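What follows is a single structure, written as structure tokens, with notes after it.
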Amino acid sequence: MNLKEKIRIIEDFPKEGISFKDVTTILKDSEALNFTINSMIEELKDEKIDIVVGPEARGFLFGVPVAYGLGAGFVPVRKKGKLPCETVAGAYDLEYGNDILEMHKDAIKPGQRVAIIDDLLATGGTIETVAKMVESLGGEVISINFVIELTDLKGREKIKDYKVQSLVEYNI
């Protein structure tokens, strides 16, 4: 399946100069959704993943079904102040701003094999922060998987020490 045909592109969203890749069109298309989730599961099935980690919010949408398919647990990474228990935190920059992410301190046990799932790799700041939080808790990042990668933004360079896989690439 050509996933590019299933992704809606919205220019100048959320601000002028950004070419937003909308994955909601994948989510509403049962064949595209099944293809996307099954492709990620296939890439990870031999990795013995214990936990899938997904950053808010689209990482939840793809991470949970991948975790289910792998027989793994799922850990959400949320924006600051959204989790009720003790957390670890990391600051990151986006291509259009900055923020702080948090994960429960007890979410990852030392030695657990972790896959990080998100919808989009842009500058790499968000995922680099998530990987560092996982490692600060003793987890081993086995793979980082995306639906979309924006290759011109060179986000892969920030996470070059990890196995990185994406289903679709755009040269913006």
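The values are calculated or read from the model by the stated rules, or taken from the named source; none is laboratory data. Predicted model, so just to flag it, every value in this text is computed and none were measured. Cβ placement follows ideal geometry from the backbone for every residue including glycine, while neighbour counts extend to all protein chains displayed.
Considering D106, D93, the condition of being at pLDDT below 95 and among the charged types (D, E, K, R) is satisfied by D93 alone.
Restricting I26, I51, I10 to those that are more than 24 Å from A115 (Cβ to Cβ), aliphatic (A, V, I, L, M), modelled with pLDDT of 95 or more and in contact with a strand residue (DSSP E or B) (Cβ under 8 Å, 6 or more places away or on another chain) reduces the list to I10. Per the listing K163, K80, K105, the residue uniquely surrounded by fewer than 21 Cβ atoms within 10 Å (Cβ to Cβ), within 28 Å of K6 (Cα to Cα) and touching a Ser or Thr at 6+ places or on another chain (Cβ under 9 Å) is K163. Taken over the range 62-79, the criterion of being at pLDDT 95 or above, farther than 15 Å from E47 by Cα and of a type outside the set (F, W, Y) is satisfied by G63, V64, P65, V75, P76, V77, R78.
Here A91, A115 are screened, and the one residue that is assigned to a strand (DSSP E or B), among the small types (G, A, S) and under 21 Å from K15 (Cβ atoms) is A91. Restricted to the range 118-154, and to residues there that are free of Cβ contacts under 8 Å to residues at least 40 places away in the same chain and in a helix (DSSP H, G or I), the residue that is farthest from the chain's Cα centre (by Cα) is D152.
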